[in-house]
Amino acid sequence: MSTKIWLSSPHMGGTELKYIHEAFESNWVAPLGPNVNGFEEDLEQYLQQDSHVAALSAGTAALHLALIECGVSHGDEVICQTMTFSASANPIAYQGAIPVFVDSEPETWNICPIALEEAIKDRIANGKTPKAIIAVHLYGMPYKVDEVHAIADKYQIPVIEDAAEALGSTYKGQAAGTFGKFGALSFNGNKIITTSGGGALVCQTKTDKDQAVFLATQARDNAPHYQHSQIGYNYRMSNITAGIGRGQMEVLDQRVEARRAMNHFYQELFKDIDGVTVFTEPTEEFYSNHWLSAIIINPEITGVNREDLRLAFLEDDIESRPLWKPMHMQPVFENSPYYGGTVAEELFNNGLCLPSGSNLSDEDRNRIAQKVKQVFGK
Ligand SMILES: *Cc1c(COP(=O)(O)O)cnc(C)c1O
């Protein structure tokens, strides 16, 4: 019996335990300490652009704090890319605000600048200027940064970058996560590096970071007793998990290289199969960490649909998964406004994410290749 091939599984570098031992030896077993500070500094170094990073308990928490710091509250509207994981949109609901979903464009699968501007104009005509725009670098692919930010600037709406899947990706050489007023990173178990669970908020100013840390540590006013003038959250990262993060930062470049090599492997594997396209960068301005590699299948050409392939993989214990189901198609968001056409919907119907981990072996790749050739009759 061969072992399961996962879509994306944790891949330790080897020095993580050293940082955890240090935490135990110095008794920093708390949601603050040298690993938290060190991990933040490692990320700031890596991202450049004079970033100020707050390490948090989750990427979702980072998005929530970004919305709060953008002043989003009850009844406000926030634009969000429809093609994404629910964690991009849920924090809008936490604030009692209304998500307005926008379709993707076909090149990066991310928020469509044309539909975005149409949405903004229409919401303004309806009486409300959106309070923020959540744009996502899906599967590590940068969104069309110049186009999206030009529109956001024109209407003076802050952009919150959901870079949860995109640590290590760049657009015109600049790190994903550093373009927006805020950027959110995730270190969940399935991401390119992991702390077992965690996230970070990337800020452009120290003031914004300090405010995030204040809110993430129960919003305690400066007083000897416990005093609060605002609602706080318990969102800080633990010094133990931050230790895992410090170890993972030492191997991040290798992880990006390995994920990109997986993408290359799929490009080679599918290059002679008509009707299957491997998702990759549209131009050299985009550099994806290829967190997940994905394909689009045209069933009319191949005679095979994405479910056929997914189930065939499953027979051999190979995990694959349909692309994110767009948020405007989710029962929980069925009453939210939506702008655009059917790009995201078609991606969902025909797209499949393939095993993409940095820890896959040649044997794993052979098993995947055999299955693909069998399914497509090659
Ligand atoms: C993983 C992910 C998140 C949430 O991050 P967590 O750390 O799991 O809370 C948000 N957005 C996207 C696009 C993600 O993939």
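Could you list all residues from the stretch 72-100 that are within 14 Å of the ligand (Cβ to nearest atom) and of a type outside the set (A, V, I, L, M)? Once the filter is applied, which keeps residues that are within 14 Å of the ligand (Cβ to nearest atom) and of a type outside the set (A, V, I, L, M), the stretch 72-100 yields Cys80, Gln81, Thr82, Thr84, Phe85, Ser86, Ser88, Asn90, Pro91, Tyr94, Pro99. For the stretch 154-168, filtered to residues that are under 10 Å from the mean Cα position of the chain (by Cα) and part of a strand (DSSP E or B), the residue that is nearest to the ligand (Cβ to nearest atom) is Asp162.
In this structure, does Glu165 turn out to be in the same structural domain as Ala61 (by TED's automatic domain parsing), touching a residue at least 40 places away in the same chain (Cβ under 8 Å) and charged (D, E, K, R)? Against the criterion (in the same structural domain as Ala61 (by TED's automatic domain parsing), touching a residue at least 40 places away in the same chain (Cβ under 8 Å) and charged (D, E, K, R)), Glu165 qualifies. Mind listing just one residue for me: the one in the stretch 169-194 that is more than 9 Å from the ligand (Cβ to nearest atom) and either of a type in the set (S, T, N, Q) or closer than 16 Å to Pro10 by Cα (or both) and, of those, surrounded by the most Cβ atoms within 10 Å (Cβ to Cβ)? That would be Ile192.
When you scan the stretch 364-378, how many residues do you find that are open to solvent by 70 Å² or more (accessible area, probe 1.4 Å), in contact (Cβ under 8 Å) with a residue 60 or more places away in the chain and of a type in the set (D, E, K, R)? Counting residues in the stretch 364-378 that are open to solvent by 70 Å² or more (accessible area, probe 1.4 Å), in contact (Cβ under 8 Å) with a residue 60 or more places away in the chain and of a type in the set (D, E, K, R) gives 1. In summary, helices (runs of 4 or more DSSP H) completely within the stretch 292-352 and bearing 2 or more residues that are among the aliphatic types (A, V, I, L, M), open to solvent by 40 Å² or more (accessible area, probe 1.4 Å) and on the phi < 0 side of the Ramachandran plot occur at 306-315.
When the stretch 73-96 is examined, which residues are found to be crowded, with 19+ Cβ neighbours inside 10 Å, aliphatic (A, V, I, L, M) and in contact with a Pro (Cβ under 9 Å, 6 or more places away or on another chain)? Those that are crowded, with 19+ Cβ neighbours inside 10 Å, aliphatic (A, V, I, L, M) and in contact with a Pro (Cβ under 9 Å, 6 or more places away or on another chain): Val78, Ile79, Met83, Ala89, Ile92.
The values are calculated or read from the model by the stated rules, or taken from the named source; none is laboratory data. The structure presented is a predicted model; accordingly, all values stated were derived computationally and were not measured. With ideal geometry, Cβ positions are generated from the backbone for all residues, glycine too; neighbour counts draw on all protein chains shown. Remember, those area values only see protein heavy atoms, side chains included, never the ligands or the DNA or RNA. Shrake-Rupley method; radii C 1.70, N 1.55, O 1.52, S 1.80 Å.
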